[in-house]
Amino acid sequence: MSSSAKIVLRKKPNAKGLYPLTIRITKNRRSTYKQLGHYIDLVDWDEQNIKVKKSHPNAKSLNGLISTKIAEVRKSLIALQSNSKDASARQIKTEIYKPTSSLTFFDYAKEHIEALEAEKKINRKYTDSAWLSFIERFHKSKQLSFQEIDERFLNKLKVYLKGPSSLKETSAMNVMVLIRLLYNRAIKDKVASKELYPFGNGKFKIKFPETVKIGLTLNEIKKLESIENLSEVEKHSLNVWLFSFYFAGMRVSDVLFTRWSQITDGRFNYRMGKNSKLLSLKVPKKVLDLIQYYKAEKSTNDDFIFPEMKKADLNNAKDIYNKTKVATKRFNDNLKVIVVKAKIKKKVTMHIARHTFGNIAGDKIHPLMLQKLYRHSDLKTTLNYQANFIHKEADEALDSVLDF
């Protein structure tokens, strides 16, 4: 059957109640749509003559645009038919809006990894490089155009990630987030077509599974603070964990870079490693007591409170990354022993310090203040995170029903 293209006013209004001017491409009774980027009121559309009525202030310009765009699409359809291409409506749309640039997905991926290296974001570099390797193994080639990344490609990739690659749902979604990031950059550079964007409403949706975040209770924290019979390495690991907890779950990489010179006039002033935010927080008495443990080791040369970064090459991001990774594993191994000695049955890692602060904070602290303490860029992130630890209303509701 032949294909066709027609201008329609699609009945999907925007927030202002205006309707989009759209090209409808049809093949074998299946249609796909391309919006022209202009919206008008229903009363300004002449359905019979397929044009904008003179009642619209920009009728002449819009009708000129309509004529130009429909002519372009029909010319492309004729070219496809001349080449004997039996394509679906979706494939026709893909062919018509094929980008002119030769840059591929993996070209953008290479630039992305090089940028992370230059910005010394080594952890992110290694993680994203791993995600890219899964995509390459799935596609079996580094010649992947953005045009090829459609909903079918993404769905098949997801099956591959969760099946043969045995990735968890969260990891699979992280791969999709990376693809989306690079696709958006390509659209911005006009390398990829916005019309073929495979993500969003009615297309492929990135949805992370809900996870249960469990932190320690106040009584469990007190057990850790008062525990005895620890070896020196266990004591040090616990100190690093408590330091992180006392500063609202500070990231371990930032903890290890804490310097004596950052603590002045009872305040802790530091720049967050992840997003370079500057923070100034009051130093709790618990922290002042804790760091006395390291006072004897204080050096005028390196200034670090904790010893892990004292021998690191501070000009070598890979060395810093490796030392942080090794230290974190050692801390987590020691924490396994510590919680057994403290008779705590929950799993405790360095990251659990953040969950623990959230659990104890509950709904006691205003979300805006929590946002500052957590160092979140977006308040929505804080609200979503803290929702994991606020159960009072749900508990009371349940009790009100079962109280008989």
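Every number here is computed from the coordinates shown, using simple stated rules; none is lab data. Owing to the predicted nature of the structure, the values given are computational and were not obtained by experimental measurement. Cβ sites come from the backbone with ideal geometry, for glycine too, and all protein chains shown count toward neighbours.
Phi-derived couplings, Karplus 6.51 cos²θ - 1.76 cosθ + 1.60 at θ = phi - 60°, listed residue by residue for segment 123-139: 4, 5, 4, 5, 5, 5, 4, 5, 4, 5, 5, 5, 5, 5, 5, 5, 7 Hz, with x used for Gly and Pro. For the chain, the longest principal axis of the alpha carbon atoms and the long axis of helix 169-188 meet at an angle near 50°. The alpha-carbon of residue 325 sits under 15 angstrom from the alpha-carbons of these aspartates and glutamates, leaving out residues fewer than 8 places away in its chain: 254, 308, 313, 333. Going by alpha carbons, how many degrees (0 to 90, nearest 10) lie between the helix axis of 105-118 and the longest principal axis of the chain? The angle comes out at about 30 degrees.
Cross-link pairs exceeding 29 Å in C-alpha to C-alpha distance, out of 125/156; 12/140; 6/203; 205/336, comprise 12/140; 205/336.
The listed peptides 209-216, 149-156, ordered by packing as a protection proxy, come out as 149-156, 209-216 (highest mean of other Cβ atoms within 10 Å first). Listed by chain and number, the aspartates and glutamates placed with their C-alpha closer than 13 angstrom to that of residue 207 are 169; residues fewer than eight positions away on the same chain are left out. Taking 14 Å as the straight-line reach from the Cα of residue 75, the aspartates and glutamates in range (excluding those fewer than 8 positions away in the same chain) are 95. Between residue 38 and 21, the built amide H atoms are under 5 Å apart, and every one of these is 5 or more places off in sequence or on another chain.
Against the chain, whose longest principal axis is taken from its Cα atoms, helix 232-246 shows a tilt of about 50°. Quick one: grab the alpha carbon gyration tensor of segment 218-395, order the square roots of its eigenvalues as a ≥ b ≥ c, and give me rounded if a/c is under 1.5, else prolate or oblate depending on whether a/b is larger than b/c. Oblate. Structural descriptor for the chain: relative contact order 12 percent, calculated from alpha carbon pairs under 8 angstrom and at least 6 residues apart.
Per residue of the chain, what 222 nm ellipticity follows from adding -39500 (n - 2.57) for every DSSP H run with n ≥ 4, rounded to the nearest 500? If you can, show how the numbers build up before the last one.
Details: 15 runs with 194 residues, N = 404.
The per-residue figure over the chain is -15000 deg cm²/dmol.
May I ask which of 120/213; 120/311; 162/318; 235/372 have a Cα-Cα span longer than 26 Å here? Where the Cα-Cα span goes over 26 Å, the pairs concerned are 120/213; 162/318; 235/372. Computed 3J(HN,Hα) for segment 18-24, one whole-Hz value per residue from the Karplus formula 6.51 cos²θ - 1.76 cosθ + 1.60 where θ = phi - 60°, is 9, 10, x, 6, 9, 9, 9, glycine and proline marked x. Highest GNM mean-square fluctuation among 179, 344, 78, for the chain modelled with Cα contacts below 10 Å: 78. Quotient of the Cα radius of gyration of the chain and 2.2 N^0.38 Å, N being its number of residues: 1.33. Assign one of three labels to segment 105-196, namely rounded, prolate or oblate, based on the Cα gyration tensor with a ≥ b ≥ c the square roots of its eigenvalues; rounded applies when a/c is under 1.5, prolate when it is not and a/b is larger than b/c, and oblate otherwise. Oblate is the answer for segment 105-196, as a/c is 1.5 or above yet b/c matches or exceeds a/b. Residues in segment 189-194 carry Karplus couplings, in order, of 7, 6, 8, 10, 8, 5 Hz; the curve used is 6.51 cos²θ - 1.76 cosθ + 1.60 with θ = phi - 60°, and Gly or Pro positions show x.
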